Number of protein chains: 2
Amino acid sequence: MKAGPYAEVMDKVPTIKDVADLARVHAATASRALNPQTRDMVSNRTANRVIEAAKALGYAPNSAARSLRTRTSSVAGVVIPDLRNPVFPPIVRGIEDGLREAGYMALLGNTDGDPVREREILATMRGRQTDGFILATSRREESPAEMEGLRAVPTVLVNRRTDTGDIPSVTADNSAGVAAVVRLLAGLGHQRIAHLAGPKDLSTGWERYRAFTDGMASHGLEPDPRRVVFCSAFTEEAGLLAARELFAADPGITAVIAGNDLIALGCYTALSELGLSCPRDVSVVGFNYMPFLDKQRPALSTVRIPHYDIGIEAARMLLERIANPSAPAKRVVLPVQLVERESVAVPRE
Amino acid sequence: MKAGPYAEVMDKVPTIKDVADLARVHAATASRALNPQTRDMVSNRTANRVIEAAKALGYAPNSAARSLRTRTSSVAGVVIPDLRNPVFPPIVRGIEDGLREAGYMALLGNTDGDPVREREILATMRGRQTDGFILATSRREESPAEMEGLRAVPTVLVNRRTDTGDIPSVTADNSAGVAAVVRLLAGLGHQRIAHLAGPKDLSTGWERYRAFTDGMASHGLEPDPRRVVFCSAFTEEAGLLAARELFAADPGITAVIAGNDLIALGCYTALSELGLSCPRDVSVVGFNYMPFLDKQRPALSTVRIPHYDIGIEAARMLLERIANPSAPAKRVVLPVQLVERESVAVPRE
């Protein structure tokens, strides 16, 4: 029977003394060799011998003890609105894989977008000596106190960012994505193009809205204010309510650019309530490339964002910040891709 | 501007001395009052005063220091195959909410079903003084060494369980779910009912397969061995391969019970390759109630399992085990619900 995952965990946990004995060095030397921050105090040859010995014994340093000595815990706090939103699982998976390369683990917290809950989670995580934070919860305008807090602890924003841009962030190229959608629809001959925008106070909502107005202008199309409705949230329900409002204000709309895929699904429901067919009467495009929506009827055209890579990149950036907290705050913007499926056609008539 | 989530985190972190001063007690008394394991050493009245003071100051105990003293870290390790499988986000969300009620947080690890990676994750988590584990990764038969490990640390299995049943577990009622599906199909007049089973070495796969054979027998239907194919994994790809094999062996099948929703999606693809229509030619039923599949054409009939409640229940049970590691190992089985949608009809002819 093969050695299973729990075998090593079960046996008496090896100590730094065991590692030192096997490597034939003093315990203090072994400890220095295993800590990346003190490794250069011992020779390369000794360091390698200790590392091999630690591997052979399956030695995992007791990080609670180490944490008190070095003030690092090898744990990063990951705070998101809700893991059940399909955008987040692949981002969190990417973060975890990125952190693991450096021996870090992720403590996970869900806020449901509630600032009080967010404050509690962050305080609890800090009480556990978390080395840094990756936050998918920030708004465009954080208060000065919040900005101070974000600067005080190594922090990276993921998926969303603040307007000032002085906290490092990893986001998708929302502007390029929406520009590609407008180009596609304008190229098919659509003129009465509407936007079911995401919330104004989130960078994802605002950037896509801005890209919509810019894209319309660059194709010589007048963005009619009746043809823009801001949704209260990036949810299917909010999308349904906003879409009803949109078509009540202008029944002549021939194409809808939704702030994300969930809003687009709400729009599908509104269209079927009105007896309108997609794409024959109205074309619909989403944003995010949610899994399994290719099986919808009609399969939703959307903008693919590299969720997993966003997570990997955020983890990498956080590790950089922890190593050098005063480095300039980078903004990383990853490319997106338009995915044409069945929900888009030439305008009716 | 409202106080934001980071304000408190930013300010000088309050110490146990600050709490003691506010509550007008000695620091040692405050410390005892805040630790559930020593709380009964102080009066109720004093304990309440200290707890109120700690709340007012937003005091979060330094758990690295406390961890060394009390050997508890208030962290639970949650180990799953892959967060991107839609079953897991709501379970993990439930676990997190359940843990949080008791001041615990979740360290998350993904194994991709790889035992080596699982072993590494468990060892790393133990090195961080994790109080216990919730595992969604176990197989029906773990090796004796693994079983020893599972018994040595407070551990709860979630979604899956071991055959011996001596590790506490929280699962959905797989048997009742499949029995309801067989009853539905038999009631409509189906006789040539097939099963695209999940992997044999996972309890979810095996229990559903057993319930299939039992259900067929109880309706007087002979389960033809040609009409059962075990999938290599609970994935859409594995479902497609298995469904091709199934219909090659017996083209006369009129209904398919899939081991889960992803396998059912693979079966949809196989049917359209064969030019067969669902539900006119073949009825298909899944298992799991994956989000957004109600928008598929045809909308998939399935068995709803209470993912979030399973997570909540697992967290509660782990906290019980941590408090009392020698308590008997409970098995909690939560009820499921048949959800009829468009993918089921009377057999053709």
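The values are calculated or read from the model by the stated rules, or taken from the named source; none is laboratory data. The model shown is predicted, which means the values in this text are computed figures rather than measured ones. Note that each Cβ is placed from the backbone with ideal geometry, even for glycine, and that neighbours are counted across all protein chains shown.
A quick yes/no check of all residues on (1) closer than 22 Å to B:S343 by Cα; (2) at pLDDT 90 or above; (3) more than 9 Å from chain A (Cβ to nearest Cβ):
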site: B:G113; (1), (2), (3): no, no, yes
site: B:R126; (1), (2), (3): no, no, no
site: B:A136; (1), (2), (3): no, yes, yes
site: B:V153; (1), (2), (3): no, no, no
site: B:R161; (1), (2), (3): no, no, yes
site: B:V170; (1), (2), (3): no, yes, yes
site: B:A179; (1), (2), (3): yes, yes, yes
site: B:H190; (1), (2), (3): yes, yes, yes
site: B:A197; (1), (2), (3): yes, yes, yes
Task: Criterion violated by B:P347 - all others in (1) in the same structural domain as B:I91 (by TED's automatic domain parsing); (2) assigned to a loop (DSSP other than H, G, I, E, B); (3) in contact (Cβ under 8 Å) with a residue 40 or more places away in the chain satisfied - done: (1)
Open item on the list: Restricting to the range A:281-321, give me the number of residues that are of a type in the set (A, V, I, L, M, F, W, C) and either within 20 Å of A:I80 (Cα to Cα) or under 13 Å from the mean Cα position of the chain (by Cα) (or both).
Closed with: 10
TODO: Could you tell me which numbered condition A:I257 fails, if it satisfies all but one of (1) within 18 Å of A:A211 (Cβ to Cβ); (2) away from chain B (no Cβ under 13 Å); (3) of a type outside the set (F, W, Y); (4) part of a helix (DSSP H, G or I)?
DONE: (4)
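If I ask for residues that are surrounded by fewer than 17 Cβ atoms within 10 Å (Cβ to Cβ) and in contact (Cβ under 8 Å) with a residue 60 or more places away in the chain, which ones from the range B:201-219 would you list?
In the first step, residues of the range B:201-219 are kept if they are surrounded by fewer than 17 Cβ atoms within 10 Å (Cβ to Cβ); the result is B:201, B:210, B:213-214, B:217-219.
B:D201, the sole residue that qualifies.
Could you tell me whether B:P347 is surrounded by fewer than 16 Cβ atoms within 10 Å (Cβ to Cβ), away from chain A (no Cβ under 13 Å) and not β-branched (V, I, T)?
Numbers: surrounded by fewer than 16 Cβ atoms within 10 Å (Cβ to Cβ): no; away from chain A (no Cβ under 13 Å): yes; not β-branched (V, I, T): yes.
No, not satisfied.
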TODO: Would you confirm whether any residue within the range B:182-193 is touching a residue at least 24 places away in the same chain (Cβ under 8 Å), assigned by TED's automatic domain parsing to the domain that holds B:L107 and within 30 Å of B:S283 (Cβ to Cβ)?
DONE: no
- [ ] Those residues that are more than 15 Å from A:E342 (Cβ to Cβ) and surrounded by fewer than 18 Cβ atoms within 10 Å (Cβ to Cβ), I need them from the range A:292-307; list them, please.
- [x] A:R304
Task: Filtered residue count, the range B:162-208, keeping only those that are part of a loop (DSSP other than H, G, I, E, B) and of a type in the set (V, I, T) - done: 3
Open item on the list: Checking A:S232 against (1) assigned to a loop (DSSP other than H, G, I, E, B); (2) more than 14 Å from chain B (Cβ to nearest Cβ); (3) farther than 30 Å from A:D114 by Cα, only one condition comes out false. Which one?
Closed with: (3)
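Within the range A:327-339, how many residues turn out to be surrounded by 12 or more Cβ atoms within 10 Å (Cβ to Cβ) and part of a loop (DSSP other than H, G, I, E, B)?
Number of matching residues: 5.
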Task: Within the range B:75-153, helices (runs of 4 or more DSSP H) holding 3 or more residues that are surrounded by fewer than 22 Cβ atoms within 10 Å (Cβ to Cβ), free of Cβ contacts under 8 Å to residues at least 12 places away in the same chain and over 18 Å from the mean Cα position of the chain (by Cα) - done: B:115-127, B:144-152
Task: Scope the range A:180-200; condition surrounded by 16 or more Cβ atoms within 10 Å (Cβ to Cβ) and hydrophobic (A, V, I, L, M, F, W, C); matching residues - done: A:A180, A:V181, A:V182, A:L184, A:L185, A:A186, A:I193, A:A194, A:L196, A:A197
Open item on the list: The conditions are (1) of a type outside the set (D, E); (2) in contact with a Phe, Trp or Tyr (Cβ under 9 Å, 6 or more places away or on another chain); (3) more than 27 Å from B:V229 (Cβ to Cβ), and B:P199 fails exactly one of them. Which is it?
Closed with: (3)
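Let's see how each residue does on (1) touching a residue at least 12 places away in the same chain (Cβ under 8 Å); (2) under 24 Å from B:T235 (Cα atoms); (3) part of a loop (DSSP other than H, G, I, E, B):
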site	(1), (2), (3)
B:Y308	yes, yes, no
B:G311	yes, yes, no
B:L319	yes, no, no
B:P325	yes, no, yes
Open item on the list: Taking the conditions exactly as written (out of contact with any helix residue (DSSP H, G or I) (no Cβ under 6 Å at 6 or more places or on another chain) and assigned by TED's automatic domain parsing to the domain that holds A:L188), does A:L300 satisfy them or not?
Closed with: no
- [ ] Check whether at least one residue in the range A:209-218 is hydroxyl-bearing (S, T, Y), modelled with pLDDT of 95 or more and in a loop (DSSP other than H, G, I, E, B), and report yes or no.
- [x] no
